Each structure stands twice: as structure tokens, then as C-alpha cells.
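A.B. asks: Structure in C-alpha cells, see below.
The values are calculated or read from the model by the stated rules, or taken from the named source; none is laboratory data. Since this is a predicted model, take the numbers as computed values, not measurements. Cβ placement follows ideal geometry from the backbone for every residue including glycine, while neighbour counts extend to all protein chains displayed.
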Amino acid sequence: MIVIIDYDAGNLRSVQRACEKVGIMSEVSSDPERVLSAEKIIFPGVGSAESAVETLKKRGLDNAIVDFFQAGKPILGICLGLQILLDHTEEGNKKCLGMVSGACERFKFSDRSLKIPHIGWNDIQINFKHPVIEKIKDGDQFYFVHSYYAKLIHEEEIVSYTEYGNMKFCSVLAKDNLFATQFHLEKSGELGLKILKSFGDWNP
């Protein structure tokens with residue numbers, strides 16, 4: 001069973017419906033013990049990193065996610081769920097989970113025509129192949145909604161980049177049994193569902 005983590009920061013039902021479409025059995029839970037007993041977890045998220053980190057800590061989910069990762073079981077992060085995996089976020093100047101080396105920074109543009117947040121369809125440039133994106137090709141488009149981006153220390157953990165204005169940011173990262181996307185799989189049509197299905201089949 002896959003557990004979708006509930007920390008009051010995700011469009012959880014949309015993610016669960018997407019799982020259903022690709023034949024993945026899932027349940028939504030905010031219970032750290034249930035999270036730890038899952039086969040795989042999905043860590044989605046929208047909204048403020050500051051309040052999300054506080055809720056994770058309050059519910060004991062922060063330690064549960066780190067312990068799950070250290071146990072070698074597969075994790076899928078989506079949007080805010082990717083950003084919180086890093087060491088730190090500029091949003092609220094918060095310490096995050098520290099599972100991936102790097103920090104989350106806010107987009108800053110001198111060109112006022114570039115809107116923040118970055119919303120809409122954009123393509124990815126694949127840095128290296130990974131089993132979870134084996135059915136995805138360079139230039140495929142996905143749906144983004146975010147004002148902050150992940151700045152990783154280790155380039156070898158960046159599966160794909162995406163360009164917005166003069167910025168080139170990490171849109172997919174992977175580290176051991178962890179895979180995460182900055183874009184929303186559940187809003188990205190058939191290609192998003194392909195990635196979700198591949199995650200369901202993935203055994204790192």
C-alpha cells in the first residue's frame with residue numbers, strides 16, 4: 001500500500017484520484033506509524049513551506065519521513081514535497097528535512113513581464129535517465145505552480161532542468177530511493193500519470 005502524507009498542505013484527493021487512474025492502491029494518512037509501515041509514500045504539497053514544516057513537526061511526520069528514507073523505501077515528492085526535502089528554505093527562513101543537500105530560493109527577476117509564481121506548462125530538459133522517467137522524453141511538458149525553486153549542491157542528483165526567464169532550475173531530483181518533481185504530476189495529464197505509474201512499479 002502507498003500512503004499519501006497528509007500535513008494540511010496538499011491537494012490530496014487529486015493525487016489519490018491520479019493513483020486510482022493508474023491502478024495504484026493508496027490511502028491518505030497523517031499518522032507517523034502508518035507512514036512508517038507503508039510500502040511506499042507520496043509526499044505532495046502546495047502552499048507555504050513555513051506552515052507545512054511546522055505541521056510536519058507537530059504531527060511527528062518529519063522524523064517519520066526521514067526514517068522511511070533511511071530504511072531504503074521509495075518516496076515520491078511533489079512540488080512543495082520536493083522543496084521540503086532540502087536543508088533549508090528562504091520561505092520563512094525555515095530548516096527543512098535535510099534529506100537532499102541544498103536550499104530553496106525565491107525566483108527573482110528584473111524583467112517584470114516574468115510573473116511569480118511560475119504558473120503553467122513548461123518543458124523539462126533531461127540531465128540523465130532514471131527508471132521513473134523511462135517513458136518521458138526531453139522536451140515533454142508538465143504543469144508548474146511555484147514561487148520558489150530548489151538549488152541543489154550535487155548536480156548528479158538533478159534528473160532534469162526547466163528554464164523560466166533567465167533561470168534554469170531543478171525540475172526533477174533523485175537520490176537513492178527518493179524521487180521528486182517540482183511540477184504537479186496530478187495536473188500534468190497523461191505524462192504525469194506515466195511518471196506516477198512508473199513510481200508505482202519502481203523498486204530501487
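A.B. asks: Is it the case, given these coordinates, that Val145 is surrounded by 14 or more Cβ atoms within 10 Å (Cβ to Cβ) and either without any contact (Cβ under 8 Å) to a residue 12 or more places away in the chain or within 24 Å of Asp201 (Cβ to Cβ) (or both)? First the steps, then the outcome.
C.D. replies: Details: surrounded by 14 or more Cβ atoms within 10 Å (Cβ to Cβ): yes; either without any contact (Cβ under 8 Å) to a residue 12 or more places away in the chain or within 24 Å of Asp201 (Cβ to Cβ) (or both): no.
Criteria not met by Val145.
A.B. asks: Follow-up question, since we're still on this one. How about segment 8-27: which of its residues are in a helix (DSSP H, G or I), out of contact with any helix residue (DSSP H, G or I) (no Cβ under 6 Å at 6 or more places or on another chain) and surrounded by 18 or more Cβ atoms within 10 Å (Cβ to Cβ)?
C.D. replies: Leu12, Gln16, Cys19
A.B. asks: Let me confirm something: among Ile158, Ile195, which residue is at pLDDT 95 or above, of a type outside the set (Asp, Glu) and either surrounded by fewer than 20 Cβ atoms within 10 Å (Cβ to Cβ) or more than 17 Å from Ser26 (Cα to Cα) (or both)?
C.D. replies: On the way: Ile195 fails: either surrounded by fewer than 20 Cβ atoms within 10 Å (Cβ to Cβ) or more than 17 Å from Ser26 (Cα to Cα) (or both).
Result: Ile158 is the single residue among Ile158, Ile195 that is at pLDDT 95 or above, of a type outside the set (Asp, Glu) and either surrounded by fewer than 20 Cβ atoms within 10 Å (Cβ to Cβ) or more than 17 Å from Ser26 (Cα to Cα) (or both).
A.B. asks: Continuing with this model, one more query. Limited to segment 116-155, what total is found for residues that are among the hydroxyl-bearing types (Ser, Thr, Tyr) and within 15 Å of Ile195 (Cα to Cα)? I'd like the intermediate steps shown before the answer.
C.D. replies: First pass over segment 116-155, keeping only residues among the hydroxyl-bearing types (Ser, Thr, Tyr): 143, 147-149.
Still in the running and within 15 Å of Ile195 (Cα to Cα): 143.
Total meeting the criteria: 1.
A.B. asks: Got a sec? Which strands (runs of 3 or more DSSP E) wholly within segment 91-204 have at least 3 residues that are of a type in the set (Phe, Trp, Tyr)?
C.D. replies: Numbers: elements: 100-106, 118-123, 141-146, 148-152, 158-164, 167-175, 178-181.
The strands (runs of 3 or more DSSP E) meeting that bar are 141-146.
A.B. asks: Please enumerate the residues belonging to segment 94-112 that are within 25 Å of Phe68 (Cα to Cα) and not hydroxyl-bearing (Ser, Thr, Tyr).
C.D. replies: Within segment 94-112, the first condition is being within 25 Å of Phe68 (Cα to Cα), and the residues that meet it are 94-104.
Once the filter is applied, which keeps residues that are within 25 Å of Phe68 (Cα to Cα) and not hydroxyl-bearing (Ser, Thr, Tyr), segment 94-112 yields Lys94, Lys95, Cys96, Leu97, Gly98, Met99, Val100, Gly102, Ala103, Cys104.
A.B. asks: Going by what's in this entry, would Val53 be described as modelled with pLDDT under 95 and either in a helix (DSSP H, G or I) or not small (Gly, Ala, Ser) (or both)? Walk me through it before giving the result.
C.D. replies: Values: modelled with pLDDT under 95: yes; either in a helix (DSSP H, G or I) or not small (Gly, Ala, Ser) (or both): yes.
When the stated conditions are applied, Val53 passes them.
A.B. asks: Sticking with this one: Among the candidates Gly77, Gly92, which residue alone is out of contact with any Cys (no Cβ under 8 Å at 6 or more places or on another chain), at pLDDT 95 or above and not acidic (Asp, Glu)?
C.D. replies: Answer to the check: Gly77.
A.B. asks: Taking segment 31-47 on its own, how many of its residues are within 19 Å of Phe179 (Cβ to Cβ) and surrounded by 19 or more Cβ atoms within 10 Å (Cβ to Cβ)?
C.D. replies: 8
A.B. asks: Which of the following residues is within 26 Å of Ile5 (Cβ to Cβ), loosely packed, with under 14 Cβ neighbours inside 10 Å and not aromatic (Phe, Trp, Tyr): Ile78, Ile124, Ile119?
C.D. replies: Going through Ile78, Ile124, Ile119 in turn, just one is within 26 Å of Ile5 (Cβ to Cβ), loosely packed, with under 14 Cβ neighbours inside 10 Å and not aromatic (Phe, Trp, Tyr): Ile119.
A.B. asks: Let me ask you something else. For Ser48, only one of the following conditions fails: (1) out of contact with any Phe, Trp or Tyr (no Cβ under 7 Å at 6 or more places or on another chain); (2) hydroxyl-bearing (Ser, Thr, Tyr); (3) more than 16 Å from Leu12 (Cα to Cα). What is its number?
C.D. replies: Status for Ser48: all satisfied but (3).
A.B. asks: While we're on this one: Looking at the structure I just gave you, is Leu97 in contact with a helix residue (DSSP H, G or I) (Cβ under 8 Å, 6 or more places away or on another chain) and buried (at least 18 other Cβ atoms within 10 Å of the Cβ)?
C.D. replies: On the way: in contact with a helix residue (DSSP H, G or I) (Cβ under 8 Å, 6 or more places away or on another chain): yes; buried (at least 18 other Cβ atoms within 10 Å of the Cβ): yes.
When the stated conditions are applied, Leu97 passes them.
This table checks each residue for (1) more than 17 Å from the chain's Cα centre (by Cα); (2) free of Cβ contacts under 8 Å to residues at least 60 places away in the same chain.
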| site | (1), (2) |
| --- | --- |
| Pro32 | yes, yes |
| Val53 | no, yes |
| Lys57 | yes, yes |
| Val66 | no, yes |
| Lys73 | no, no |
| Ile78 | no, no |
| Gln83 | no, no |
| Asp87 | no, yes |
| Phe107 | yes, no |
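A.B. asks: Still on this structure, I have one more. Regarding segment 168-189, can at least one residue be identified that is of a type in the set (Phe, Trp, Tyr) and surrounded by fewer than 16 Cβ atoms within 10 Å (Cβ to Cβ)? Steps first, answer last, please.
C.D. replies: Applying the first criterion (of a type in the set (Phe, Trp, Tyr)) to segment 168-189 yields 169, 179, 183.
Then keep just the ones that are surrounded by fewer than 16 Cβ atoms within 10 Å (Cβ to Cβ); that gives none.
No, that holds for no residue.
A.B. asks: Here's something else I'd like to know. Filter segment 48-74 down to residues that are farther than 16 Å from Asp6 by Cα and either crowded, with 16+ Cβ neighbours inside 10 Å or among the charged types (D, E, K, R) (or both), then give me how many there are. I'd like the intermediate steps shown before the answer.
C.D. replies: Just the residues of segment 48-74 that are farther than 16 Å from Asp6 by Cα, to begin with: 67, 69-74.
After this cut, where a residue has to be either crowded, with 16+ Cβ neighbours inside 10 Å or among the charged types (D, E, K, R) (or both) as well, the list is 67, 69, 73-74.
So the count comes out to 4.
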